[in-house]
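The values are calculated or read from the model by the stated rules, or taken from the named source; none is laboratory data. Because the structure is predicted, anything quoted here is derived from the model rather than measured. We place every Cβ from the backbone using ideal geometry, glycine too, and count neighbours over all the protein chains shown.
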Amino acid sequence: MGATVTTTEEKIWNGGNEPMGASYGKMMMWFFILSDALTFTGFLAAYGFSRFKFADSWPIADEVFNHFPFLHGQDLPMLYVALMTFILIFSSVTMVLAVDAGHHMKKSRVAFYMFLTVLGGLVFVGSQAWEWKNFIKGEYGAIETKGGSIIQFVDQDGKRIKLEEFAKTLPKDRVQHERKNGIWFTKEASLPDYSVAEVVEGFKANPNIYVRTQEAYFDKNDKKGVHPTLNKEKHKTILTREESLARLNDAVHVVQGANLVRNEYGSKQFANFFFFITGFHGFHVFSGVVINFIIFLNVILGTYEKRRSYEMVEKVGLYWHFVDLVWVFVFTFFYLV
Amino acid sequence: MAHEHNLAIFRGRLKFKSNEQKIWGVLIFLSIVTAIEVVLGIYKPTALMHPLISPFEGGLGATLMNIILSPFIFLIPLNFIFLFLTIVKAYYITWDFMHMRDEKASLRKAVVWTFVFLALYIALIFLLEGDYIYEVYKTSLIKWNF
C-alpha cells in the first residue's frame with residue numbers, strides 16, 4: 001500500500017504528470033516562447049505606433065533596403081531580405097529534419113542536420129550584419145534642418161543624387177577632434193565628409209538639383225513650392241528650385257548613413273526601431289546558433305543516445321522555429337507593408 | 001515522441017506519406033508564399049494601392065460599418081494581402097515546424113488564444129493612439145516640419 005502511494009507521488013511530482021500531454025521541458029519552452037512572442041509584439045506595436053504617428057513622412061523601405069552583394073549601385077529592393085528569409089526558413093527545415101531523425105534514433109542524421117541548421121543560422125546573422133553595414137554607411141547623404149527634418153536631393157529626373165556628386169570643396173576650418181588633442185581625452189563622433197556650407201554652395205552652383213522632403217505627396221492638395229512635374233502620388237514631395245533654396249537656409253547638419261541620433265533616410269524613429277527590433281531578433285538568432293551548437297556537440301558525444309531520447313533537440317527546435325516565426329513578422333512590417 | 005504525426009495539411013486536402021515529405025511540402029508552400037510577397041512588394045500593382053471602400057459617413061450605422069469593414073476601408077488591398085500571407089506563414093511554421101498539429105488541443109488553445117488576444121489588444125491600442133497623434137500633427141497648429 002505504502003509503496004503504491006509513493007509511486008503515485010513520484011509520478012505526479014517528478015515530471016510524471018504531463019499536463020496537456022507535453023513534457024515539463026517542452027511546456028516550459030512554450031511558456032518562454034509565448035512570453036517572448038509578446039515581447040516582440042510589444043516592440044512591433046510600438047513601431048506601428050510611430051509609423052502611424054508619422055504616416056506621411058515615414059521612409060519608404062524599398063528606397064532604403066535596395067542593396068545586393070556584388071551588385072553595387074543597382075536598385076534591387078526586397079531581393080536581399082527575401083534571400084535572408086529563405087535562408088532562415090531553410091534552416092528551420094533542417095531543424096525539423098533533425099527532430100524527425102531524432103524520433104527515429106538516427107544519431108548521425110541528427111548531427112548532420114543540426115550542423116546544417118547552425119550553418120544556416122550563421123549565414124543569416126552574417127547577412128544581417130551586412131544589411132546593418134549598408135544601413136549605417138548610407139548611400140546618398142542628406143541634410144538635417146533646424147526643425148529636425150531630413151531633406152534629400154534629386155536631379156531633374158527626380159532620381160536621388162549623392163552629396164559627393166555636387167558638393168563643393170571649400171577650405172576646411174574644422175578639424176576632427178581626437179582623443180589625443182583634448183585635455184579630457186574624449187573624442188567626437190567622426191565628421192561627415194562635407195560641411196553644411198559645402199553642400200549648400202554646391203547646391204547653389206547646380207541649377208538642376210531639387211530638394212526632396214520627408215513628406216508624401218498627394219495629388220489632391222496643391223501646396224505652394226511643390227515641383228510641378230516631378231511629383232508622384234504617395235512618393236516623397238519634391239520642391240521647386242526657389243523653395244529648395246529657402247529650405248536649405250535652415251540646414252544645420254550633414255547626415256550620412258545612420259546612427260541612433262539621426263539618419264539620412266528620414267524619421268529618426270525609423271533607424272532606432274530598425275536597430276532595436278532587427279538587433280533584438282539578431283541577438284535571438286545568435287543565441288539560437290550558440291544553443292544549437294551546444295546541442296550539436298551533445299548529439300555527437302552521444303548524450304541523447306544514452307538517454308534514449310532526442311527530446312532536447314525538439315526543445316531547441318521549438319526555439320529555433322520561433323526565431324524564424326518572428327522574422328516572418330519583422331519581414332512583413334519592416335520591408336513589405 | 002511516441003505520438004503519431006498528423007500528415008495532412010490544407011484541412012486534410014493534401015496528405016503526405018511520411019513526416020519528412022510533409023516537411024519538404026511545407027517548405028515549398030512557404031517559399032511560394034514568400035515569392036508572392038516579394039513579387040508584389042517589388043511591383044506594387046497600382047490596382048492594389050487604394051482602399052476598396054471609402055469610409056461611410058454620418059450616424060451610428062456608418063461608424064459600425066467602418067469598424068466591421070475596417071480592413072477594406074483603412075487598409076490598401078496590398079497591405080491586407082501581406083498581412084494575410086504573413087499569418088498563413090506563421091500558421092504553417094507553428095503547426096508543422098513546431099508540431100502544434102500533433103499537440104493536444106488544450107495546449108494549442110492555451111498558447112494561441114492567449115497570444116492572439118493580447119497581440120490584437122496591444123496592436124489596437126497602439127495603432128489607434130498613433131493615428132490620433134497623426135491627426136493632431138496634421139490638423140492642429142503644431143508645426144514640426146521646418
For A:K204, work out the one condition from (1) in contact with a strand residue (DSSP E or B) (Cβ under 6 Å, 6 or more places away or on another chain); (2) part of a helix (DSSP H, G or I) it doesn't fulfil.
-> (1)
Report yes if A:H103 is surrounded by fewer than 23 Cβ atoms within 10 Å (Cβ to Cβ) and within 13 Å of chain B (Cβ to nearest Cβ), otherwise no.
-> yes
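What are the residues in region A:75-98 that are part of a helix (DSSP H, G or I) and facing another protein chain (nearest Cβ under 8 Å), if any? Please lay out each step first, then the result.
The initial filter retains those residues of region A:75-98 that are part of a helix (DSSP H, G or I), namely A:79-98.
A:L79, A:A82, A:T85, A:F86, A:I89, A:F90, A:S92, A:V93, A:M95, A:V96, A:L97 - these are the residues of region A:75-98 that are part of a helix (DSSP H, G or I) and facing another protein chain (nearest Cβ under 8 Å).
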Among the listed residues B:L128, B:L124, B:L141, B:L118, which satisfies the condition of being farther than 19 Å from A:M20 by Cβ and facing chain A (nearest Cβ under 7 Å)?
-> B:L118
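Of these, B:S54, B:S31, which one is touching a helix residue (DSSP H, G or I) at 6+ places or on another chain (Cβ under 8 Å), in the same structural domain as B:A90 (by TED's automatic domain parsing) and loosely packed, with under 10 Cβ neighbours inside 10 Å?
Only one candidate qualifies: B:S54.
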Could we say that B:F84 is of a type in the set (F, W, Y), loosely packed, with under 15 Cβ neighbours inside 10 Å and within 17 Å of the chain's Cα centre (by Cα) here?
-> yes
Selected residue [in contact (Cβ under 8 Å) with a residue 60 or more places away in the chain, surrounded by 15 or more Cβ atoms within 10 Å (Cβ to Cβ) and acidic (D, E)] from A:E215, A:E201 | A:E215
Pairs only if they're at least six apart or on different chains, beta carbon under 8 angstrom, first in region A:95-113 and acidic (D, E), second at pLDDT below 95; list them, first residue then second.
-> A:D100/B:N19; A:D100/B:E20; A:D100/B:I23
Say we look at region A:44-90 and pick out the residues that are farther than 25 Å from A:W320 by Cβ and among the aliphatic types (A, V, I, L, M); which of these is surrounded by the most Cβ atoms within 10 Å (Cβ to Cβ)?
-> A:V64
Helices (runs of 4 or more DSSP H) contained entirely in region A:268-307, each with at least 1 residues that are aromatic (F, W, Y) and free of Cβ contacts under 8 Å to residues at least 40 places away in the same chain = A:279-301
Failed condition for A:M95, given (1) surrounded by 17 or more Cβ atoms within 10 Å (Cβ to Cβ); (2) more than 18 Å from A:V328 (Cβ to Cβ), with all others met?
-> (2)
Enumerate the pairs (first residue in region B:61-84 and in contact (Cβ under 8 Å) with a residue 24 or more places away in the chain; second residue anywhere and surrounded by 15 or more Cβ atoms within 10 Å (Cβ to Cβ) and of a type in the set (V, I, T)) with beta-carbon separation below 6 Å, excluding pairs fewer than 6 apart on the same chain, so at least 6 apart or on different chains.
-> B:F82/A:T332; B:F82/A:V337
Just give me the residues in region B:1-20 being without any contact (Cβ under 8 Å) to a residue 12 or more places away in the chain, within 12 Å of chain A (Cβ to nearest Cβ) and loosely packed, with under 13 Cβ neighbours inside 10 Å, in sequence order.
-> B:M1, B:A2, B:S18
